[in-house]
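Some notes on the structure that comes next.
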Amino acid sequence: MADLKYEVVETLGVLSTDAKGWRKELNLVSWNERDAKYDLRSWNPDHTRMSKGITLTRDEIQILSELLQEELQND
């Protein structure tokens, strides 16, 4: 398997922290030296290990934001 290259370009926020110190974060991450995308997943404290997550483009984040706003308004 080829090495996976990544760089956490910017941490946008932490959603939660579990008992082992892993943090669920929203970050801008560059994967394999490509343009950074929005990324939601759990990371260990020094960002050397990660869980499965989801990576979204700016357009997808905009749509997700609109969907969440609609959902919150319906509560």
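The values are calculated or read from the model by the stated rules, or taken from the named source; none is laboratory data. Keep in mind that this is a model prediction, so the values were computed, not measured. Note that each Cβ is placed from the backbone with ideal geometry, even for glycine, and that neighbours are counted across all protein chains shown.
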* Asked: Do we have any residue at all in the range 14-21 that's of a type in the set (Gly, Ala, Ser), at pLDDT 95 or above and out of contact with any strand residue (DSSP E or B) (no Cβ under 7 Å at 6 or more places or on another chain)?
  -> yes
* Structure fact -> Of Leu4, Leu26, Leu72, the only residue that is modelled with pLDDT of 95 or more and hydrophobic (A, V, I, L, M, F, W, C) is Leu26
